[in-house]
Each structure stands twice: as structure tokens, then as C-alpha cells.
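Okay, structure first, notes after.
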Amino acid sequence: MAVVRTDLTGGVMTLTLDRPEKLNAFTIEMMQELIDAFDVADADDAVRAVVVTGAGRAFCAGADISGGTKGFVDVEKRKVGDGTVRDGGGLLTLRIFDSLKPVIAAVNGAAVGVGATMQLPMDMRLASEDAKFGFVFGRRGIVPEACSSWFLPRVVGISKAMEWSTTGRIFDAQEALSAGLVRSVHKPADLPGAAQELAEEISANNAPVSVALTRQMMWRMLGADHPMQAHRVDSLAIELRSASADAAEGVRSFTEKRPAVFPDKVSTDLPDIFPDWSAPKWQ
């Protein structure tokens, strides 16, 4: 039985974590279904943006540890092709990092442990007034996972990342908003519509190839040593996109005062602007 539901409406694929009776607790099956869904989204040119949310009253209440500490091993760790053991949350967040489509979290309720860390590589996070967050790993005798030691300080700064991770306390949506973890807080009934509206604003107005390249540029340059690296990437991307059919359509639609119809597709027209990118693939 699937534990992630998918829906495609208006160019927006919504992924719903669907174990409401378990507060959408994270399992290996959930990890794999989410990874598979991002593979589908990347390959489908009809998908222009992805929204991730939870069924019921929780977003994701963390790893399923109903079986005790065995849950940390079975849920948050697994062996990969080279025989090494990697945490399941990290395999998921690295896949999201590589997404070619922008990703929006619609945090409808409790988001604790991996339920909080899985959101960090998503591009924008919206929260319900009912949302609660917690990086509770120290309180469970473990440590943060899902590459959160890389993502969380980049999202909220090192001081706030340390505070949340070392206290392990649960905090509300307003604190998340004040720290920049989420971009807006909504009444529970308004959250799905707000996430859909933001995703459709992206999908309706922008060239998909340009969005995919912009996403790569923004995330990958977070680890750059000098702005010269960004300058080189920007220069190559501008050169390639200026000669594209999308650029011609963008200018033409602007002068003709009409919505653009961008012809280029992510599946066939996405240039490689990181020829020297040496980071290992997420898997």
C-alpha cells in the first residue's frame, strides 16, 4: 500500500505523506516512494513545481520508532550500492537537492526529527498555524541527520541552528517564521491553496529550463569558495540561455504584451552549466 499520494494539477505535483494514523512517521518505504516521485517529476515536462505536505494533522512526526531503537537503523539508515551505510533521510534530502523542479513544503502540522530535516533542501516552506517543529535528535540520544548539519545553518544561520539542535525543544510556526525557516504562516484551511498559488505563480510565468538552472545555481553556489565561481557559472548560463528559443520568446512576448509560451523543455534542452561539478550523486 502506497504511503505517498501524488496529484498533478495545473503543472503542480503535490506529494502527500499518507500515514495519518501514524502521524506520517518516516519509513524506508516512504523514503523510497518520495525518491521515486521526484524521479517522475524531473522526467515529466508537465510538472513545473512540486509541493510536499502531510495527510491528517501532522506533516511528519519523525522516524517510525514504534519498534524501539531498531527504528533508527531500519528507517534512517540503509546500505547503498558501494556497501556503505547511509541514513535514509540523507538519501532523500540529497535527491531533493538534485531536483530539477522547485520544491515547496506545505507544513500542515507536527514536523519533528526527519520531518523537519527533510524540508531543508526544499526551496520554500509555508506553515499552518498548527505546525510545530523540532530538531529533537539529542533528546533521543542520537544526532541530526539528513545532511542537516549542512542545510540548517545555511537556512537559518549557525546560532539558531545550534540553539534548536542542542536544546531539542519543540517550537511553533511563528518562531519558525521569525528565524526564516518558513516564509509565511497560514490558517490551516488556507495552507493548501497558498502553496498551490505560489507553485502556480512559478509554473505560469517562467521558462522551465531557466527555473531548473536557477535552482542549481542558487543551491550549488552556497558551497562556493569565491564569487568568481558564481561569475563563471552565471556567464556560461547567460550565454547559453540568451541564444535559446526561450529567450527569443521571452522578449517577443514582452514586446507583444502577452503571456509567454516557452518552447524549451527540461527533459531535452537543459544545458550542463556545471561541467566541473564533482560532488557525488545523491545515490
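The values are calculated or read from the model by the stated rules, or taken from the named source; none is laboratory data. Just so you know, these numbers come straight off a predicted model, no measurement behind them. Neighbour counts run over all protein chains shown; Cβ positions are idealised from the backbone, glycine included.
Among the residues that make up the range 143-150, is at least one of them surrounded by 15 or more Cβ atoms within 10 Å (Cβ to Cβ), at positive phi and modelled with pLDDT of 95 or more? Yes, the range 143-150 has at least one match. Just to be sure before I move on: is R183 of a type outside the set (G, A, S), at pLDDT 95 or above, farther than 25 Å from D87 by Cα and under 16 Å from the mean Cα position of the chain (by Cα) in the structure I sent? The answer is yes for R183. Here the condition is being closer than 25 Å to E200 by Cα, buried (at least 20 other Cβ atoms within 10 Å of the Cβ) and under 8 Å from the mean Cα position of the chain (by Cα); of A116, A105, A111, A127, it holds for A105 alone. Listed by first and then second residue, the pairs linking a residue in the range 263-283 that is at pLDDT below 60 to a residue that is of a type in the set (G, A, S), with Cβ atoms under 9 Å apart and 6 or more places separating them unless they lie on different chains, are W282/G90; Q283/G81.
Consider L240 carefully, then state whether it is surrounded by 11 or more Cβ atoms within 10 Å (Cβ to Cβ), more than 19 Å from L94 (Cβ to Cβ), hydrophobic (A, V, I, L, M, F, W, C) and outside the structural domain of L100 (by TED's automatic domain parsing). For L240, the condition - surrounded by 11 or more Cβ atoms within 10 Å (Cβ to Cβ), more than 19 Å from L94 (Cβ to Cβ), hydrophobic (A, V, I, L, M, F, W, C) and outside the structural domain of L100 (by TED's automatic domain parsing) - is met.
Within the range 23-43, the set of residues being touching a helix residue (DSSP H, G or I) at 6+ places or on another chain (Cβ under 6 Å), at pLDDT 95 or above and either of a type in the set (S, T, Y) or farther than 15 Å from R95 by Cα (or both) comprises F26 only.
Just checking, does the range 245-267 include any residue being of a type in the set (K, R), assigned by TED's automatic domain parsing to the domain that holds V211 and buried (at least 16 other Cβ atoms within 10 Å of the Cβ)? Within the range 245-267, none of the residues are of a type in the set (K, R), assigned by TED's automatic domain parsing to the domain that holds V211 and buried (at least 16 other Cβ atoms within 10 Å of the Cβ). Number of residues in the range 165-185 that are touching a strand residue (DSSP E or B) at 6+ places or on another chain (Cβ under 6 Å) and either surrounded by 18 or more Cβ atoms within 10 Å (Cβ to Cβ) or of a type in the set (S, T, N, Q) (or both) equals 6.
Which of the residues that make up the range 193-226 are in contact with a His (Cβ under 9 Å, 6 or more places away or on another chain) and surrounded by 17 or more Cβ atoms within 10 Å (Cβ to Cβ)? Across the range 193-226, the qualifying residues are A194, A195.
Screening the range 182-272 for helices (runs of 4 or more DSSP H) wholly inside it with 1 or more residues that are under 20 Å from L126 (Cα atoms) and not hydroxyl-bearing (S, T, Y) returns the ranges 191-205, 208-220.
Just one of the listed residues (F171, F254) is among the hydrophobic types (A, V, I, L, M, F, W, C), within 30 Å of A110 (Cβ to Cβ) and at pLDDT 95 or above, namely F171.
Taken over the range 193-208, the criterion of being closer than 20 Å to A46 by Cα and under 18 Å from the mean Cα position of the chain (by Cα) is satisfied by A195, Q196, E197, L198, A199, E200, E201, I202, S203, P208.
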